[in-house]
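Computed from the coordinates by the stated procedures, all read-outs in this text should not be read as laboratory data. Only a predicted model underlies this, so the values are computations on that prediction, with no experimental measurement involved. We place every Cβ from the backbone using ideal geometry, glycine too, and count neighbours over all the protein chains shown.
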Amino acid sequence: GADALWSQGIDGTGVVVAAMDTGVDVRHADLSSSWRGGGNSWYDPHKKTTAPYDPSGHGTQVMGILVGGSKSGAPIGVAPGARWIAVKIFNDAGSASYSAIHLGFQWLLDPDGLPDTEDAPHVVNNSWGLESAAGDCIQEFRTDVQILREAGISLVFSAGNSGPRDSTSVSPANYPESFAA
């Protein structure tokens, strides 16, 4: 139903979407023009790189679903008018430490480190969760989520891949402050 919203002029224009994932390939034809760009639009706590990249492609696929444009012939994203920024919480081997995730949440609160500028995202997508603890509510990131929500930032998390059985949601998707998908 995204096309029905687009016909009403609702396409994400004016919104900044962030992703905490494996990275994003800034050279992707449907994503390159919507990257906000600059030092406040990419954070890599592992290698401290200055340009977005994605060794696995997962984060690029997710960002395409969120804000992908139409260079390929048809819009591939729900909000092709939005701009994007990203945090590479997973290292190149595909692992994410709790410390890298905490650093990512902190960076998203104030990407340029200047509290007088408004550069935080409106929405943060997290296509990850603590899968090994499905059904439990692990509080590790709850304060991070609460602080970002208090700042007016919406957070979307993967509810997990263990369903459809009962008690298979994962944290942080199962926090009351999170939106689970």
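Would you grab the residues whose amide H sits under 5 Å from the one on Ile89? Only those 5+ places off in sequence or on another chain, please, with H modelled 1.01 Å from N.
Asp21, Gly23
Based on Cα positions only, what radius of gyration and what Dmax would you give for the chain, in angstroms?
15.9, 46
Between Ser7 and His102, what is the label-to-label distance in nm when each label sits 7 Å out along the Cα-to-Cβ direction?
Taking the simple label geometry, Ser7 and His102 are separated by 5.0 nm.
What residues from region 112-133 fall in the zone where the backbone N is under 16 Å from a label point 7 Å along the Cα-to-C-beta line of Asn161?
Only 126-133 fall inside the zone, counting backbone N under 16 Å.
How long is the gain from Asp110 to Lys71 if the chain were fully straight, where each residue apart is worth 0.36 nm and the alpha carbon distance is subtracted? Each step should come with its number before you reach the end.
Working: separation 39, 0.36 × 39 = 14.04 nm, distance 3.12 nm.
Result: 10.9 nm gained on full extension.
What list of ³J(HN,Hα) values in whole Hz, one per residue of region 16-27 in order, does the Karplus curve 6.51 cos²θ - 1.76 cosθ + 1.60 (θ = phi - 60°) give from phi, with Gly and Pro shown as x?
Rounded to whole hertz, the list is 10, 10, 10, 10, 10, 7, 7, x, 8, 7, 5, 7.
Starting from the Cα-Cα distance between Ala29 and Ser154, subtract it from 0.36 nm times their residue separation and give me the gain in nm to one decimal.
Numbers: separation 125, 0.36 × 125 = 45.00 nm, distance 2.70 nm.
Gain on extension, Ala29 to Ser154, equals 42.3 nm.
Name the residue, out of Gly69, Gly152, Gly81, whose mean-square fluctuation peaks in a Gaussian network model built on the chain with Cα pairs under 10 Å.
Sorting by GNM fluctuation, first place goes to Gly152.
What is the spin-label model distance, in nm, from His122 to Asp92 if the labels are put 7 Å beyond Cα along the C-beta direction?
Label at His122, label at Asp92, 3.6 nm between them.
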